[in-house]
Amino acid sequence: MTQSSQVCLGLLKRIPTVIGTAGALLLFTGCVSAPTPPACVVGTNTPSDALKALRGSVPDATSLELAIDGSGSMLGLTTAGEPASNWQKLIRAVSLSAASTNVEVETFRVGSGTIKPLSSWQEATKPCFYQGCGAFQPVSSSLDTVWRRPGLTEAKDGAPAKVPLRLTITDLEANNGDITKLTAVIKKHVEQGAVIGVLALKLPFKGSVYNSDAQVIYKGATDRPIYMLATGPQRQVHKLLEEIKSNASISGIASDSIQVTYLDRTISSPTQTVEVVEGIPKGQVAQGLPIRLNGITYRPGNNYALVKLFPPAKGVAMASKQGVNLSGINTTKLGLSKLESIDPQATLSGETITGEAIVNNHLVVQLSLPNPSPGNALRVTVPRGALPQQWWVDWDRRDPENPNSNQQTDGLLLLMSNLSKMLVEPGSTPEAAFCLMYSN
């Protein structure tokens, strides 16, 4: 028996009774010689050898420039009791981790476009550091400040580029949500071989919580996200954030809230493809059957989901991981995915994306499919760099009315996505590609 015949026999075992024996025989007759669909995942794998070589050529930095955001939105971290205790633990853990990188450490207060050297990290544990009193002037957030310092050297005359090792501790509440200056200046570092890493955690906080428009949205006790945004040579960025994570946990900071993302790793992960398909409503589709479109019968292959819809099916839900309960997920329009007809000469026939979700870093997409319709071959893609980690979505303040908004950050998803995209090489494979061939 040929491999195609074995595949088809397996398919016949899954054919629902609504098709009937005659329909099953017709499907089997066309299945043996049926081709598989065209490639679903299109593009070049990343990172390329050239990019690996660039990052590998960057020498270690000789110093760490550690910047601490001095804006007033951080003040509630220094309130006496649990907030102040945990904040001191974190600053101490960062300082110890910096020392373990075997480089000179320079510590600064940043805000309002200014940078002020500090004699000790302990200065950053005092309320005046954020309130603007004593030796410190009141400042607003300016996340790009430390990256505007000199120190970035482009490759020239055979000598490799030199990129500084820099880290900012901040709540990422940018003024008016403007991240343009930050992403523009970090991009210059990435172009010379720097990578980006982010460590995030939630700490006890008591005081006023602001949004990016400087409006107070909450007063009282809560947990606030704090971020360590690092750039520099790949090995040093990874080592520094791993050390901070370890020392923070040892210091007694709850490890279950600590999130670490190395963007050079996340944007190089294998393309997510469809693993699970369910009908909307559930149970109204048959999967894995040969599908006939435009006079050609196709058999499963090349990461496609082949689906036949039965009334009253209105669409499908798809996920990139087995075991995801598609019927129990709340989806929304995150704006991550693009829907297209795989045949460049064909157009969409009323198919639309109705919902998206991230479940444990895996993509879930819901599609509305027209009925009646002869069917179509569709591709849902998320460009590389645009597929968020779970915590980016959970910690992003999208809805001010959400009762957890005081524990979230304005524009987090937008910032992390833009930082990710600047690491992506042109022509790379998408981060997710869900291909669906369906008929009614």
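The values are calculated or read from the model by the stated rules, or taken from the named source; none is laboratory data. Keep in mind that what you see is a predicted model, and the values were worked out from it rather than measured. Note: ideal-geometry Cβ built from the backbone for every residue, glycine included; neighbour counts use all protein chains shown.
Table: residues versus (1) at pLDDT 90 or above; (2) farther than 14 Å from Lys282 by Cβ.
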residue	(1), (2)
Tyr298	yes, yes
Asn303	yes, yes
Leu306	yes, yes
Val316	yes, no
Lys321	yes, yes
Ser327	no, no
Gly335	yes, yes
Glu340	yes, yes
Gln345	no, yes
Would you pick out the residues in segment 223-246 that are assigned to a strand (DSSP E or B) and crowded, with 19+ Cβ neighbours inside 10 Å? Arg224, Pro225, Ile226, Tyr227, Met228, Leu229, Ala230, Thr231, Gly232
Applying the selection to segment 363-385, what residues are under 15 Å from Tyr438 (Cβ atoms), touching a strand residue (DSSP E or B) at 6+ places or on another chain (Cβ under 6 Å) and assigned to a loop (DSSP other than H, G, I, E, B)? Leu369, Gly375
For segment 187-200, check the following and say yes or no: at least one residue is surrounded by fewer than 21 Cβ atoms within 10 Å (Cβ to Cβ), part of a strand (DSSP E or B) and of a type in the set (S, T, N, Q). no
What is the residue count in segment 283-313 for residues that are of a type in the set (Phe, Trp, Tyr), farther than 11 Å from Ala34 by Cβ and crowded, with 17+ Cβ neighbours inside 10 Å? 1
Looking at Leu293 and the list (1) at pLDDT 90 or above; (2) more than 30 Å from Trp391 (Cβ to Cβ), which single condition is not satisfied? (1)
Given (1) of a type outside the set (Ser, Thr, Tyr); (2) at pLDDT 95 or above; (3) part of a helix (DSSP H, G or I), where does Phe205 come up short, assuming only one miss? (3)
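I want to confirm something. Restricting to segment 407-429 and keeping residues that are of a type in the set (D, E, K, R) and surrounded by fewer than 21 Cβ atoms within 10 Å (Cβ to Cβ), which single residue is nearest to the chain's Cα centre (by Cα)? Walk me through it before giving the result.
Filtering segment 407-429 for residues of a type in the set (D, E, K, R) gives 410, 421, 425.
Now drop any that are not surrounded by fewer than 21 Cβ atoms within 10 Å (Cβ to Cβ), which leaves 421, 425.
Working: Lys421: 10, Glu425: 17 Å.
Applying the filter and picking the extreme gives Lys421.
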What residue, of Leu77, Leu96, is closer than 27 Å to Ser212 by Cα, aliphatic (A, V, I, L, M) and either under 29 Å from the mean Cα position of the chain (by Cα) or surrounded by 16 or more Cβ atoms within 10 Å (Cβ to Cβ) (or both)? Leu77
State the number of residues belonging to segment 314-362 that are in a strand (DSSP E or B), buried (at least 18 other Cβ atoms within 10 Å of the Cβ) and either touching a Cys at 6+ places or on another chain (Cβ under 8 Å) or among the acidic types (Asp, Glu) (or both). 1
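For the subset of segment 208-217 comprising residues that are within 27 Å of the chain's Cα centre (by Cα) and not in a loop (DSSP other than H, G, I, E, B), which member is surrounded by the fewest Cβ atoms within 10 Å (Cβ to Cβ)? First the steps, then the outcome.
We begin by selecting, within segment 208-217, every residue within 27 Å of the chain's Cα centre (by Cα); these are 209-214, 217.
The next check asks that each one be not in a loop (DSSP other than H, G, I, E, B); those that pass are 209-210, 217.
On the way: Val209: 21, Tyr210: 21, Ile217: 15.
My answer is Ile217.
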Residue identified as within 27 Å of Gln131 (Cβ to Cβ) and among the charged types (D, E, K, R) among Asp223, Asp264: Asp223
Looking only at segment 110-138, which residues are within 25 Å of Arg148 (Cβ to Cβ), of a type in the set (Ser, Thr, Tyr) and assigned to a helix (DSSP H, G or I)? Tyr130
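Taking the conditions exactly as written (surrounded by fewer than 17 Cβ atoms within 10 Å (Cβ to Cβ) and either among the charged types (D, E, K, R) or outside any strand (DSSP E or B) (or both)), does Pro388 satisfy them or not?
Answer is no for this residue.
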So Arg265 passes all but one of these: (1) in a helix (DSSP H, G or I); (2) modelled with pLDDT of 95 or more; (3) surrounded by fewer than 18 Cβ atoms within 10 Å (Cβ to Cβ); (4) over 17 Å from the mean Cα position of the chain (by Cα). Which condition number does it fail? (4)
